[in-house]
Each structure stands twice: as C-alpha cells, then as structure tokens.
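Peer 1: My questions will all concern the structure given below.
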Amino acid sequence: MGNILLVEDDPVDALYLRHVLQRLGYDAVRTVPRGEEALEAFARDRFDAVLMDVNLAGRLDGVETAARINARSGLPVIYLTGNHDPAIRRRAAATRHWAILDKPVDPGRLETVLRRALSAAPPSGRAELTPALPGRPAPDMEGHPGRPGPDPPSRRAAEDAPPARAVRACPRH
C-alpha cells in the first residue's frame with residue numbers, strides 16, 4: 001500500500017504506530033528513532049510518506065529532519081506530537097507538511113490523512129509535491145491539496161478545540 005518511514009524515538013509509541021499502520025494495511029514500515037537515521041534511511045531507500053515525531057532525541061529534532069527531507073524531495077510529511085508548546089507547533093507549521101496529529105494518534109484520523117497524502121504523492125518517488133509551502137494554501141482535510149477557499153466550519157471548529165485530541169491540518173498562510 002505504501003512504503004512508510006516512521007521516525008519515532010519512544011519505543012512504546014513506535015510499537016503502537018507500527019501496529020496501527022499494519023492493521024491499516026501498510027506492511028512496508030521502516031522505523032528509526034533519530035533524525036540522523038531518518039536521513040540515512042531516506043538516502044538509501046524509497047518511501048511514499050514520512051510520519052515524523054516532532055521531538056526526537058539526538059542532534060536533529062523532527063522539524064529539522066523534515067525540513068532536510070523537504071529540501072530533497074516532495075514526500076508527504078505527517079507530524080506526530082504530544083507537545084503543545086506553541087513555539088514548536090509554529091516551527092512545524094512553517095515547514096511543508098500534510099498534517100500535525102496529536103498523540104495518542106487516532107487510527108481513523110491517521111488513516112484519513114495518510115490515504116489523502118499518498119493519493120496525491122507520486123508512487124515511491126521523490127518528485128516535487130508541494131502541498132503546504134509557506135505562502136501557499138495548505139492541504140484541506142475536506143478537499144484536495146492546495147485548494148483555495150475558506151476553511152470549512154468543521155475545520156475551524158477543530159482548530160478552536162483543545163489540543164489534546166485535535167488533528168490540525170496545515171494552517172493557511
């Protein structure tokens with residue numbers, strides 16, 4: 001169904017996410033715990049999407065790692081975070097990404113976001129895909145990537161909801 005690079009340094013979260021992805025039919029999941037290892041895996045192998053924890057141990061956090069992957073590819077990046085610090089969320093939102101999913105990740109939301117990201121991405125490729133560049137419309141959870149227009153009411157409600165379980169699509173710039 002798709003080759004997924006899962007970058008998660010918490011072993012329990014990584015095990016849970018692998019299990020969820022396998023239940024959703026994604027058998028080709030490569031898990032690495034650090035940004036440096038993610039870049040090495042990216043250089044060696046072909047992936048269709050990246051699930052990236054925002055806070056990683058090591059020299060590179062998830063935002064910096066995603067920025068480096070973005071500089072070399074158009075792979076969809078989906079951030080995962082349990083951190084509600086607005087500064088970190090702003091840093092993540094300033095990069096090209098498909099969504100920021102709060103932990104614990106809801107399997108249904110993950111499935112929806114991942115399927116939409118993969119349907120718009122070239123298969124196992126590294127061709128440019130630019131759904132959420134700063135200054136451009138972001139992917140819309142209710143529509144197609146980059147579709148201009150006002151936020152649907154359901155999205156505005158999700159953005160106004162408490163962050164504990166909210167799924168945030170890329171903010172419009």
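What follows draws every value from the coordinates through simple rules; no lab data is involved. Quantities reported herein were computed from a predicted structural model and do not represent experimental measurements. Heads up, the Cβs are rebuilt from the backbone with ideal geometry, glycines too, and the neighbour counts pull from every protein chain shown.
Peer 1: Modelling each spin label as a point 7 Å along the Cα-to-Cβ direction, I'd like the Arg72/Leu15 distance in nm, to one decimal.
Peer 2: 3.1
Peer 1: Would you order Ile88, Ile4 from fewest to most other beta-carbon atoms within 10 Å of each residue's own beta-carbon? Please report the intermediate quantities before stating the final value.
Peer 2: Working: Ile88 17, Ile4 23.
Fewest-to-most Cβ neighbours within 10 Å comes out as Ile88, Ile4.
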